Amino acid sequence: MTTLKLAISESQIQECVGRLAQLIQADYQDQPLLVVGVLHGSFVFLSDLIRHMHLPIQVDFIRLSSYDESAKSSGAVRLHHGVRTSVVGKNVLVVEDIVDTGLTAQFLRGYFEDQGAATVRICSLLDKPVRRRTSVTVDYVGFEVPDQFLVGYGLDYNQQYRELRALYSLEARTDGS
Ligand code: 5GP
């Protein structure tokens, strides 16, 4: 059996999202921005983030191959569903829920650069630096977290818990119930 333990509260998340939006806004200074969410984990974060930003933005989503340990360990990240919006000459902001090994972020940075984006930056709500296997730069980070499995605020475990307003660590119960 598993249990949920509060890791980051709703108010901490909301304060952090506002701070990230201000940083992003200050960096882009009214320039148009294409915000690309990585499905599915980032959709809640992205929708809060864009509502704090006062910039001319477009939004699109991208889907990569499902989380697969064997694929990750080989370093292979596959594109499942690309963006429909042209990225040529645009400032692209990739929005991730969590950067873990960094393979997804590294792949997406290269992908959008190859597609002709003018600039590519990465914004992730969560960062697990101890798990990193690449030297990819994450430009905007909400919270650094230890090596624990988190759910809520868009992040799932077997498609559950995405609707929770805070973030929780998923832990094995020790009382046998
Ligand atoms: P990376 O390519 O950085 O290893 O993978 C990032 C992806 O792994 C995230 O977008 C997410 O789908 C998944 N992931 C990594 N750590 C966690 C976690 O603690 N909780 C959840 N729900 N997904 C995670």
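The values are calculated or read from the model by the stated rules, or taken from the named source; none is laboratory data. If you're wondering where the values come from, they're calculated on a predicted model, not measured in any experiment. So basically every Cβ, Gly included, is an ideal-geometry build from the backbone, and we count neighbours across all protein chains shown. For accessibility, only protein heavy atoms count, side chains too; no ligands or nucleic acids. Shrake-Rupley method; radii C 1.70, N 1.55, O 1.52, S 1.80 Å.
Name the chymotrypsin sites (Phe, Trp or Tyr not before Pro) in segment 77-177 that are in a loop by DSSP and that have at most 16 other C-beta atoms within 10 Å, would you? Write out the running numbers ahead of the final one.
Working: sites: F107, Y111, F112, Y140, F143, F149, Y153, Y157, Y161, Y168; in loops: F149, Y153, Y161.
For chymotrypsin sites (Phe, Trp or Tyr not before Pro) across segment 77-177 that sit outside H, G, I, E and B with at most 16 neighbouring Cβ atoms in 10 Å, the list reads F149.
Scan around F143 for amide H atoms under 5 Å from its own, H built in the peptide plane at 1.01 Å from N, and keep only partners 5 or more places away or cross-chain.
L126, D127
When DSSP beta bridges are limited to those with both residues in segment 1-139, what percentage is antiparallel, rounded to the nearest 5?
Details: 2 of 21 bridges.
Counting DSSP beta bridges with both partners in segment 1-139, the antiparallel share is about 10 percent.
Tell me, what does the Kirkwood hydrodynamic radius of segment 24-177 come to in angstroms if you use every pair of distinct C-alpha atoms? Write out the running numbers ahead of the final one.
Numbers: mean 1/r = 0.0617 Å⁻¹.
One decimal place: 16.2 Å for the Kirkwood radius.
Express the carbon and sulfur contribution to the solvent-accessible surface of segment 85-177 as a percent, rounded to the nearest whole number, probe 1.4 angstrom. Walk me through the numbers on the way to the answer.
Working: 1960 of 4390 Å².
Carbon with sulfur: 45 percent of the solvent-accessible area.
For segment 1-60, rounded, prolate or oblate, judged on the Cα gyration tensor with a ≥ b ≥ c (square roots of eigenvalues), a/c < 1.5 rounded, else prolate if a/b > b/c?
Values: a/c = 3.82, a/b = 1.79, b/c = 2.13.
Because a/c hits 1.5 or more and a/b fails to exceed b/c, segment 1-60 counts as oblate.
Taking the solvent-accessible surface of protein heavy atoms with a 1.4 Å probe, what is the per residue accessible area of segment 73-177 in Å²? Before the final figure, lay out each step's value.
Details: 5340 Å² over 105 residues.
Ligands and nucleic acids excluded, the figure is 51 Å² per residue.
Looking only at trypsin sites (Lys or Arg not before Pro) in DSSP loops with at most 15 other Cβ atoms within 10 Å, what is the longest site-free stretch of the chain?
Numbers: sites that count: R78, R84, R133, R165, R173.
Value returned for the longest uninterrupted segment is 1-77.
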